Structures are given as C-alpha cells and as structure tokens.
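The values are calculated or read from the model by the stated rules, or taken from the named source; none is laboratory data. On a predicted model such as this, the values are computed, not experimentally measured, just so you know. Cβ placement follows ideal geometry from the backbone for every residue including glycine, while neighbour counts extend to all protein chains displayed.
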Amino acid sequence: MRRAPALALLLLSCLWAVAAQASIRIEISGVEGDLKRNVSARLSLERYKDRDRLEADAVQRLYERVDSEVRAALRPFGYYDPTVQAQLKELNAGRNWRVDIRIEPGVAVHVTKVDIDVSGPGATDPVFTALKGNPGIAAGDQLNHGSYDRLKGQLQRAAASNGYLDARMLRNELLVDLGTHEATIELAIETGQRYHFGVTTIEQDTIRPDLVKRFLRYNEGDPYDAVKVLRTQFALDDSQYFSNVEVVAGERDRETLTVPISIKAGSTRNSFSIGGGYGTDTGPRATINWTDRRINDRGHRLRVQLQASAITQELTARYDVPFGDPALEKMSLYGVAEQTKVSDTVQTSELSATPSVTQVLGRWQRVLSLTMAHDITTDTVNGRQVLNLAVPGIVYAAVPEGYLGEDLFTRTLQVELLGSNVQLGAHAPFLRLDVQAERVFDLSMDWHLLLRGEIGAGLVDSVEDLPGTYRFFAGGDRSVRGFGYDDLSPVTLSSTGTEERVGGRDLFTSTFEVERDLPRNLGVAVFTDVGNAFNHFGDPLAWSVGVGVRFRLPVLTVGLDIAQALRAPGYSSLPGPRLHLNISPKL
C-alpha cells in the first residue's frame, strides 16, 4: 500500500508523456518517384515531424519554408516554375498537425546546347574526345542537374586519372532561360602538361625485388594513370604474399613532369583453417586447409587441403610457381587422392598428379594440363575397371575486365576439352567437351534473372570405356533441382535385374530463375530446371519447378529451395518435393 502513491504518480507521468508527444503528418501530391522523394528529403518539416516536443510557433516557422524548399527540390530535375499550394491544419488542440502539399511541376526546362571545350596538350587525348563525343547529355534532353554535375566531374576525373595533374576548369556554366524554359551547358577545361610515372621505391623483405616489380601495372616513363596505381595495389594485395600493402603516389615534380611511386609491404604468415558445413548434395562436410603463402623469396606457394563428406573424401596438394606476370601466370603441380561416390551404383577412386600452366590472354584464362592418374571405377553393372592413364586437357574461362588472378566464385563461360587414347593408357580413345555458363541480369533494382546452363559431349565408342570420373551425371543443388545429387543418367539393368544409373557420355542442363529482393537482406525466387545426362542427344529431359528464399550475406547468398519434379525420365513415378541448399555469389 505504501507503494501505491508512487506507482500512481509514475503512471500519471507516463500518461502525460504520451499525451505530450506531438507529430506532423505530411501529404504530398502531384509528383511521384524521384521528384517526390527529393521533395520529402528537402522539407524541414519532414526532419522534425517526429520530435517529442513541438511548439506551435516552431511548426509555423517550418511550414513557412515549404514553398522555397519544394521549389529548390524540383530545380535539379528541370522544373523551375512550379505551382505549390500548401495548407497547415492544427489537430488535437495544437498537439498534432497535418500539412497538405499540392504540386504542379509546370513546364520542364530542356537543354538546347552542350558545349565542351578542351584546350592544352591533352586536347586530342582519346579520353577527352570520348567524353566530348558522348557526354551523356544531348540537345533536347530534359535538364537534370545530376547529369550536368556528373559530366563536369567526369572531365575533372579524366584529367586527374590520366596524368593531367595541372588541369583547371576555365568555365563551368549552366544557363537557364526561365522565359523560354531552355538551358545551355558550357564547360571548358585546360589540361596542362601530362605527367609520367617516375621512380618506384619498394620497401619489403618478403620476396625478391624483381618479382615485386613484375606485379606493377605500369612502367617508369609511362603516362601517369591513377587507375594503374590502384590496380598495382590490388595485384599486390591479391598475391597474398604480404600482410599489408601501401602503394602511394608522391608529390609531382613540375620540372620533370613525373610522379614518384612508393610501395611498402609487410610479411605475411602461413594460414591454417578448419571449416564445416552442410549441403543437401553432400550432407555434412568438413574441410582442413593449410597454406604456406611464401615458401621462398621466389614466391613459390604450397596449399594442402583435406575434405570429407558423405560422397567424397579428398586430399589435395597444390604447388604454384609464378612466372612472367606473376598475377596472371603460374606453373602448378596438383596432386589428388580421392574417393567419390558418383552415384548409388558408381564409385571412383583416383590417385593423380597434374602439372599445368595457367595464363591470362585478354579476357580469357587458359589452363593447359596433363593429368597422370591411377583411376579405379566400380559399378554394379560393369564391375571394376582399373586404368593407369594420362589425360591432356585445356580449359578456357572468361574473366572480368581488369582481372588480377583473384579467386572467382563463378564463371560466366568456361570451356573444357580433355581426352586420352590407348597409347596413353585408356581402354579406348575418348574426348570430352564440357561447356558451362552462368549469368545474372538485373531487370531492375529489385528484380534479377539468373540463367545457368551446361552442355557436355563425349566422343567414345562405348560409355563403359569412359572412366567414371569423366562420365556425366545430372541432378542436385546446382543442376536439376527436384532430384538428388547425380540421380539423373542413363539406366542399365544389373545382373540382379535392378535398374542402375551408371553415367552418360552427354549432358544438357539449364536453369531459368527470377529473384525478387526484399527488405532485411532477404529475397524470394521462382525457378524451373531442365536437363539430363544421356548417351544420345534427343533423349528425354527431366523437368522441375520450385520456389526458394535467399539470405543475402556480405559476399554470399544462401538459398533454400523446394523443387518438385514434373517430368522424370527413367523413374517409375515422380519423386516428391525435395529441399535444396545453395551457396552462391551475392547478386
């Protein structure tokens, strides 16, 4: 009972605080989209509308700014003569207000002339002639201040990035005639002399100086280019030889017209990691990885990895030796000891060593390899097949512009051709072509289209002569969803009369998926998958449809899908719905 007065007082205080809260409701009509968003962002009322305490005179002062703030918000989009009607209504005895703002944008201003003048030694430089030829603004366009500012910024950045470090704007004018609703744009820049790369000083004790120099994306005496300085930073970072790297342009020398570069880098350490996970294709899995990023000062590297899951147990080791351009070229020796459950009826064991040469040629990465393998294939139909063979191969993979050797989560296009013959240890000559492609198209800010496909073809007299490692299977998380991992392939009767899936010589799969972004890094998807592994093109294809959710992480997207098969060649009845877990690069 003694606490009752205190509780009552506290309750009254809370009720008073709630009653004292004020708010302003703002309604904007007559404009939509970017115009409406910019008006809202400009309004002082919008910034103060949810304050706990708002005095009537303060609301009145904020309301009096509406006309000028709306006009200022419309000018960047070319509307200089709008009609603005605003009304302030007081509600709840001065504790709440409503503001109605009606806007008629009026006649938009259009650009009648865009004049860009570049003078000085860089007047004929392609970087400026390209901007003059395609400025992004043309006569007849509706005036947009953002486009004008972007063009002016492009001119200034083009000068600074390409060595014209003394460039100066002589004129930057946007002239608007309110009477005719016309605008002219006049920009003039004087480039000054072009600077060149000067001496590069390197401070590091991790690898040989000549190897560091081969990472540079420029040569002393080349025209200065800020992008090449940044790319040098990226190349050294991606090399993983250093714990930290600083590539800094020094003060320019106006007498010699040069810019010195300073590089400082710290030593790195070996890395060791243990990881685990779960995939609907693989089941539980674990990985142990150890990497010696710098075995010696010539930049040799060794990586050893142990992976284990329900379908694969694999020990791999890779020894890399850089040569030429060390960011893009290397010789490697790759060793594998692996046992894989390819399907319920086919298992393979492999012990192999693969020397290879990796190079980047323009927009393509090429890998030449020769795999020397001891391969054992066991299936319930053909029994046990043991091979000691050599398999030469070549891979071409598309890489993004400016690629510097970094790991890629996916390839837009990859083509692999490999094969062997009797002289190299195969039971029969064979060739195997595998083409994979994946591409994401942004239909809008929130809608995305994912297209993925794979086509494979084997040239061999009999699929039984094709080692199990090189046979094709379909089905699984990144193939035809609605089916288990490698559950789609030609069916053969075993000696016991059961149907066994032993793999095919050919393959076709495709995915069509539409994704919609949602708040809080979520997304939803609908998709359809088609495909199969077979021995003859034209054989029936499996087909499935499904829905999924996406969880956007900083660099990855985790997808959870439910797929239902609609057509299932080789099955007596359609499989039921199947759950799939996918981890892929963020869209």
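Assorted remarks:
- Any hit, region 143-157, residues being part of a loop (DSSP other than H, G, I, E, B), of a type outside the set (Val, Ile, Thr) and touching a strand residue (DSSP E or B) at 6+ places or on another chain (Cβ under 6 Å): yes
- Once region 110-145 is narrowed to residues that are of a type in the set (S, T, N, Q) and surrounded by fewer than 18 Cβ atoms within 10 Å (Cβ to Cβ), the residue that is farthest from residue 180 (Cα to Cα) is 124.
- For region 444-453, the set of residues classified as in contact (Cβ under 8 Å) with a residue 40 or more places away in the chain and either more than 22 Å from residue 411 (Cβ to Cβ) or of a type in the set (Ser, Thr, Tyr) (or both) consists of 445, 446, 447, listed by residue number.
- Per this entry, residue 122 is counted among residues that are more than 32 Å from the chain's Cα centre (by Cα) and in a loop (DSSP other than H, G, I, E, B).
- Meets criteria (assigned to a loop (DSSP other than H, G, I, E, B), buried (at least 17 other Cβ atoms within 10 Å of the Cβ), on the phi > 0 side of the Ramachandran plot and of a type outside the set (Phe, Trp, Tyr)) for residue 299: yes
- Filter result for residue 15 (modelled with pLDDT under 95, outside any loop (DSSP other than H, G, I, E, B), within 30 Å of residue 154 (Cα to Cα) and among the hydrophobic types (A, V, I, L, M, F, W, C)): no
- Single condition residue 49 does not satisfy, out of (1) modelled with pLDDT of 50 or more; (2) surrounded by fewer than 14 Cβ atoms within 10 Å (Cβ to Cβ): (2)
- Hey, residue 231 surrounded by 19 or more Cβ atoms within 10 Å (Cβ to Cβ) and of a type outside the set (S, T, N, Q) or not: yes
- Hey, residue 452 surrounded by fewer than 23 Cβ atoms within 10 Å (Cβ to Cβ), among the charged types (D, E, K, R) and assigned to a strand (DSSP E or B) or not: yes
- Residue 367 being surrounded by 15 or more Cβ atoms within 10 Å (Cβ to Cβ) and in a strand (DSSP E or B): yes
- Of all residues making up region 258-316, the number that are in contact with a Phe, Trp or Tyr (Cβ under 6 Å, 6 or more places away or on another chain), more than 18 Å from residue 241 (Cβ to Cβ) and at pLDDT 90 or above: 2
- Residues that are within 30 Å of residue 216 (Cα to Cα) and of a type in the set (A, V, I, L, M, F, W, C) within region 293-326 comprise 295, 302, 304, 317, 321, 323, listed in sequence order.
- Of the residues making up region 151-195, those that are of a type outside the set (S, T, N, Q) and surrounded by 20 or more Cβ atoms within 10 Å (Cβ to Cβ) are 155, 158, 159, 163, 164, 165, 167, 183, 185, 187, 189, 195.
- Output for region 529-584, where each listed residue is within 20 Å of residue 487 (Cβ to Cβ), without any contact (Cβ under 8 Å) to a residue 24 or more places away in the chain and in a loop (DSSP other than H, G, I, E, B): 571, 572, 573, 574, 576
- Region 81-109, residues that are surrounded by 14 or more Cβ atoms within 10 Å (Cβ to Cβ), touching a His at 6+ places or on another chain (Cβ under 9 Å) and among the hydrophobic types (A, V, I, L, M, F, W, C): 108, 109
- Total residues in region 52-77, condition modelled with pLDDT of 90 or more, among the small types (Gly, Ala, Ser) and surrounded by fewer than 20 Cβ atoms within 10 Å (Cβ to Cβ): 2
- One residue alone among 477, 517, 461 is acidic (Asp, Glu), assigned to a loop (DSSP other than H, G, I, E, B) and farther than 21 Å from residue 375 by Cα, and that residue is 477.
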